[in-house]
Structure formats: C-alpha cells, structure tokens
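What follows is a set of notes on a single structure, which appears directly below.
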Amino acid sequence: MTAPTHTSLFPAVPDSPDAVLDGLDPEQREVATALHGPVCVLAGAGTGKTRAITHRIAYGVRAGILQPGSVLAVTFTARAAGEMRGRLRQLGAGGVQARTFHSAALRQLQYFWPRAIGGEMPRLVERKVQLVAEAGARCRIRLDRNELRDVTGEIEWCKVTQTVPEDYPAAAAKSGREVPRDPAEIAKIYTAYEQLKRDRGVIDFEDVLLLTVGVLQERPDVADTIRSQYQHFVVDEYQDVSPLQQRLLDLWLGGRDNICVVGDASQTIYSFTGATPEYLLGFRSRHPEATVVKLVRDYRSTPQVVQLANGLLSQAKGQAAQHRLELISQREPGPEPGYTEYVDEPTEAEGTARRIRELIAGGVRPSEIAILYRINAQSEVYEQALADAGVPYQLRGAERFFDRPEVREAGLLLRGAARAGAGTDPGMAGTDVPEHVRAVLGSRGWTVEAPAGSGAVRDRWESLAALVRLADDFALARPEATLSDLVAELDERASAQHAPTVEGVTLASLHAAKGLEWDAVFLVGLTEGMMPITYAKTDEQVEEERRLLYVGVTRARLHLFLSWALSRSPGGRATRKPSRFLDGLRPGSATRGTGNRFAAGGGGIERGAAAAAAAKRKRGPVRCRVCGRTLSEAGEIKLMRCEDCPSDLDEGLYERLREWRMEQARELGQPAYCVFTDKTLLAIAEVRPEGAAELSAIAGVGSRKLDKYGAEVLALCTGGEPAAAPGDEAVAEEPEK
Ligand code: ATP
Ligand code: MG
C-alpha cells in the first residue's frame, strides 16, 4: 500500500543509472552505491531502508555492475516481496528475484529434489495443528485448543532454532520460554509429529528451509550451482531473521561477502518464533570491514506521529532498547494522534467506521486507510462495522491478486481477444484499450457500478474493477499501446506478482503490517490483555508487544487513531483498561513522559459516539433470543441469537426485505450492504419488529438508518406496502460526514 497513491501506477522509468539515485539522501546514496562487500543499514522505521536497498539493486543493475539474475533479495512477507518486485520494475530492474526465505527455498528445493533426493517432492502439510493433535493422541496426551496452538508454536520454534526433541527441555529453559506443558511431553509430541509426517509422506513449512539447508550442506554440487547463480544477497527486515534462515543465508553465501542487510532492532516482533536481532546487531563484529550506514530521517510520518513513536520507544527496556534510534520527521506537521475510549467493542468498531467515512469524504482513498489489530479474531467486528457503514474493505494480501481465479480467467479472455486481433488493428489502438477491456470483462461480471452485497460476488467485481483501472492507467501512460501490449504487461506483472491496488480499507494484524504504510492508520483494541496480549508474561515478551505497537504507530503517514473499549460486548462490565504502553502518552494518563500536546480536535478522550451508542444499548447485555445465552461475538450480536440456535426466520419477509434492499441500493448507486448487511436483514426478518423501538434495538439499525428506512421496513414487517419515510427528502441525501 505504498507508492500508487502518490504516483501513477506507471511512473516514468529513470532514464539513467544516476537518475535512479535521484531522490535518495546522502546516506541512502551511500547504501545504494556500496555494491561490493558487506553492507549493514541500521535505521528506524520509515527512514527509507527498503527504498535504499531497492534503489541499490536497481542502480547496480542499470549501471551494469550487477546481473539481474545474480541478485537475490529476501524480504519478510510475500506481500513485501511483491511490492519490492514492483518497485524494481518501476526503476527499470525487472528480473531480479525478490522473495521470502521460504519461497526462495521452496523454489530451489523443487528444482533440486529429483537430483538431490530423488522422486517427487512431498506435499506440504495443510493443517499442521491437526497433525500435532494426532501426534499428541499417539503419545496419549490430550491437548485442549490453546495447548494445541502453543505446543505447535513450540515445535515450530524448535525447528527454526534447530533444536532436536531431546534438547528441547534444556533449550526451552535456557531461553526462558513459557512452556505450555511439561517439556518432556512436548519433546515426545514433537518426535511423534515428525514420525507422523514421515508416515504420511508430507513436509511442513519449516521443513522446506531445513531440507534446503540439508541439501546445500550435503551436496556440494547443488550448492555450487546455486552459488554460481546468486552472487549478491540483500535482506530486508534483518532484525527478524531466525537461526535457520541465517544458516540458509550463510550456505547461499558460501563464504563470500556480497551481502547487504537492513533492519531496525526496535521492530523485532517475531522473537516468539525464534527470530533474533542478534544477527543484525552483531553484523559488524562478524564483518569488521562492513560498510555500516545509519539513517535517521523519517520520511514517512509527520512530526506528531514520530513524537508518539519516539515516546513509546523511550519507555522500552532490554537489549533492543539500547539500540533504539530517535527518529526525526522530515514531513510537514499534521494532526495530533487521536485517542478514543469506547464503551464496548462493537461501539469501537462503529466509531472507527464513522471516522473512516469522514476521512474518505475528506478525500482519503480507502486503500490508503488501514485498521490494525493484535489478533486476527478481532477483524470480524470491524468487517461488520465497515459493511454497515458502506465502506469497502479487504482482508486479502495484495500479493495473491494474479492468483485469484477471476483474474486468471480475465487474463485468458483478454489474451483470446488480443489474439483475435481486437488489439492489433491500429484504428483500435490506444484509447480503445480500456474499452476493449471493459467489453471483455463485462462478459464476466464487471459492471460500471459495484454490485450489491459484500460476499464473493463483490470480491470478484473488485478484482475485475482493479484490472479496469489498471487498463486505464496503462492507456494513459502508453497511448499508442494495443490490447496485446496490455496482455504482455499483465503477464509481466503476474510473473512479478505486482498487483494493482484494490480499492478498499485494509484490515490486517500488526504483524502483517510490517514494512507497509498508509495515510491513515487505526490501531484498535488497545487494552491490557490485547496489547500486551495476555500470554506475554515475561519482561521480554512484554517488550516485544511494545515493539509491535511501535510498528503499528510507525505505519501511519498522516492520520493516526488509537482506541480501546472498556468492555467486550454491549452492556458488559467495563473491566478493561487501556494499554499500559499508552501511559504517559495518552491524555489524562498518569505520567506524561513526552510532553505530548493534545490539541483540541486532535487528541483527547472522545466519548461522543460511544455515549450515543451506549444510550442505545442501555438495555444491557445482548442475549440470544432463543436460548438466552449472553452473546459476545459480533456476528451473533447482529443476529441476536447464537449462530447455531434454531432460526425462526420468516422467509417470505426476508425475500421481500431483500428485494426492497436491492431497489434502495440501485437508487443510491451503492452496494446493498450499505443499506443493511445480510445479518441485519436476517435479524429483522426473524424479529419482525412492530415498532421503531424494536427495530432500533437490532444491531446495524442506527439512528441514521432508522430515520431513513424505518417506516418502509416496518411497513414490510407488518405486512403493509412500504410507505415513504416521514421527512424522506430531508434524510435521503444525507451528506457523508
Ligand atoms: P520500515 O522500517 O517501516 O520498513 P523503511 O525504513 O523501510 O521503513 P521505506 O518504506 O523505505 O522505509 O520508506 C518510508 C517512506 O519514505 C516511503 O514512502 C518512501 O518512499 C519514503 N522515502 C524514503 N526515503 C525518501 C527520500 N530520500 N525522499 C523522499 N521520500 C523518501
Ligand atoms: Mg522497510
């Protein structure tokens, strides 16, 4: 989620190697031009580490010093790798491999398997946790859900730290790990798990690296082939490298020293999986001749965001904290970070969605907004709230865009059309390319307006719409190009996995947000128990949680909102407390370490929306209409019953409501979920409200919607003809605030 909003999707390729260096500051240039020998960049968030290494590779390639095929750039996530390939192409250095450790190893392993091991490569196990449960059963050890998750984590840790089962008890004690079961039991399960995999002929995610390491160690011929292909290595996010990944890197290098690493010890957030900043911090002692560069200018965030980031880190303790780098913002001042306390989670989600609508109305693109949370399970309530507010969102990582079935299918169709000559007729060239694309994709479900609904149909449309946008941009950048040229471009992008930006607010976990940036970032659910997460018990674990929050804060370019809710569900007891990490930073908290100013409108605890929602929810906790259980899941609260309690749906009414909704959506020119979501509609058809009070008690029917649709919905529910709502003209065109 970076460059595309600021620049076109097709920026001009720099016309010379030196032009690649334009736009780098002197220290970044030093990185970009140090093409031989070991290089280490130690720098804080947003200082341009990723930019510097991308330009370094591009400069080397463009100047003819590096062969594109001889460079292997390793980044942390598939998405980051996709983004780096995109940036490299824009700089005129396509063809460079940018991958995760895992995908680079997998590719090599697949290639060398027949020669080095023989036969077909085993399948990758899909449900590891299931296999661990079976391994537990083999050892007659029953694990509950949490234990299963934790024991699986321990096995993964063993593998990336290259710990064999017999050594686990001692190794876990030495590393101060919080063990979920008796270490001897875990060692037994680990052994049984490995046996089970062998029996089934499958390998797991970690095995991919372990086996690659094994082949490189034992087969000098294979190692030589790989080393002769790759001469230069670049590693981003090096603070989170695991011992196993480091071992692989060493084997790739085979004693050579053409390696460039960049990282920030303050952003170490994967220690629990065995990663360690030791390699980054010890790089200079391992390579005394290394070029070491520090970057301090933060180009990403405003001084307000940077001040909070610095404030957070100033309270950090432990080893990484000793290496913290104070950031200096290079940007114009912006708004103060906003802090909001809400009564409960659904209200927090609604408040967040409302703010997002305001930002969008103010001109911020949805793809430039992110909601970041600690654990994936937190996403649902936000998905629902965004759907209620009519805001498009995406959970999917952009890197898989070209793998989506509809995108593959569209590619095939466009190729067919190009072959049939539609794109080669000079009379149809240039401006007609977008028209062709619209015509072809129109046959596969693309329409000018987004379809109603938020499910698979909408997802499909979003993908096709992204292709249409891409075609528009392409035709603008290359007016003379034909449809065949576009198809070639798509092929190239698909092989580079450079996805166009899908318009939608991003929902992601803090871990997944690493390395990315957005104009507006919402850090939600910042309560004790969630941030730090309950199972962070030792000081080190708590410090890692603090760094995770630091990563979250430093994702924001301009707008940053932090929020928390005092109870989980409506009417619940307000037992939660805001995250300790915000003490002294948020307004009204005990210590004021950083002297943050909380200007009116920027900071301050805002209870406005929370209070309104609380008033609406005075009825207390929401209980299942069928069994009476107190509901806590957002989806169930919307339904007003447990998902698996029998439904007393009036199907005829539900159908009528759906038809009515479609009509409304068509008139508004918006997707149907902007009128009411499926869950809300279902709840209405089940409850059959007889009056406004009953209707407004249904989650998803806020005062705005009650005013706008209340009369019509009630008329449908009571069997009458939908009448125009009173004061319809006044509310029908309610401006988006
Ligand atoms: P993180 O630690 O979060 O991974 P980073 O150090 O890798 O951050 P980048 O993502 O490379 O930082 O850069 C942050 C932002 O600042 C990007 O939008 C980038 O384009 C911009 N930027 C970096 N250097 C410069 C520069 N010299 N001039 C203008 N913009 C820059
Ligand atoms: Mg980076």
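The fraction of accessible area contributed by carbon and sulfur in the chain is 52 percent, rounded to a whole number (1.4 Å probe; ligands and nucleic acids excluded). Working from label points 7 Å from Cα in the Cα-to-Cβ sense, the Arg200 to Asp250 distance is 3.2 nm.
Ordering Ala349, His511, Thr534 by Cα displacement along the dipole of the chain toward the positive end leaves Thr534 in first place; charges were set at the Cβ atoms of Lys, Arg (+1) and Asp, Glu (-1).
Where nothing but the Cβ of Lys and Arg (+1) and of Asp and Glu (-1) is charged, how large is the charge dipole of region 126-199 around its Cα centre, in debye to the nearest 20?
Magnitude of the dipole: close to 140 debye.
The alpha-carbon of Lys638 sits under 18 angstrom from the alpha-carbons of these lysines, leaving out residues fewer than 8 places away in its chain: Lys616, Lys618, Lys679, Lys705.
Peptide packing: for 280-290, 226-236, the average count of neighbouring Cβ atoms within 10 Å per residue gives the ranking 226-236, 280-290, highest mean first.
Kindly state, to the nearest 0.05, the FRET efficiency for Arg573 paired with Arg115, given R0 = 45 Å and r defined as their beta-carbon distance. For R0 = 45 Å, the calculated efficiency reads 0.10. Of the GluC sites (Glu not before Pro) in region 309-408, the ones in a loop by DSSP (not H, G, I, E or B) with at most 15 other beta carbons within 10 Å are Glu326. With a simple spin-label model that places each label point 7 Å from the Cα along the Cα-to-Cβ direction, the separation between Glu694 and Glu409 comes to 4.2 nm.
Label sites at Ala715 and Ile65, each approximated as a point 7 angstrom past Cα along Cα to Cβ, lie 7.4 nm apart.
Taking every protein chain into account, the accessible area of the chain amounts to 42 square angstrom per residue (probe 1.4 Å). Each Lys and Arg adds +1 at its Cβ and each Asp and Glu adds -1 at its Cβ; summed about the Cα centre, the chain shows a dipole of about 1480 debye.
Considering only alpha-carbon pairs that sit under 8 angstrom and 6 or more positions apart, the relative contact order computed for the chain is 15 percent. Rg of the Cα atoms in the chain, relative to 2.2 N^0.38 Å, amounts to 1.01. Stretched out straight at 0.36 nm per residue, the stretch from Asn376 to His323 would grow longer than its current Cα-Cα span by 16.1 nm.
Subtracting the Cα-Cα distance of Tyr299 and Asp491 from their residue separation scaled by 0.36 nm leaves 65.8 nm. Every helix of 4 or more DSSP H residues in the chain counts as -39500 (n - 2.57), and over all residues that averages to -14000 deg cm²/dmol at 222 nm. Between Glu655 and Arg149, the C-beta separation translates, for a Förster distance of 35 Å, into a calculated FRET efficiency of about 0.25. Maximal additional length on extending the Arg181-Asp18 stretch stands at 52.9 nm, based on 0.36 nm per residue less the C-alpha distance. Packing, taken as the mean count of other beta carbons within 10 Å per residue, orders the peptides 54-61, 172-179, 240-247 from highest to lowest as 54-61, 240-247, 172-179.
So what is the relative contact order for region 126-199, in percent, with contacts set as C-alpha pairs under 8 Å and at least six apart?
Relative contact order here is 43 percent.
The values are calculated or read from the model by the stated rules, or taken from the named source; none is laboratory data. All of these numbers come straight from a predicted model, not from anything done at the bench. Positions of Cβ are generated from backbone atoms using ideal geometry, with glycine treated the same way; all protein chains shown enter the neighbour counts. Note: areas computed on protein heavy atoms with side chains; ligands, DNA, RNA excluded. Shrake-Rupley method; radii C 1.70, N 1.55, O 1.52, S 1.80 Å.
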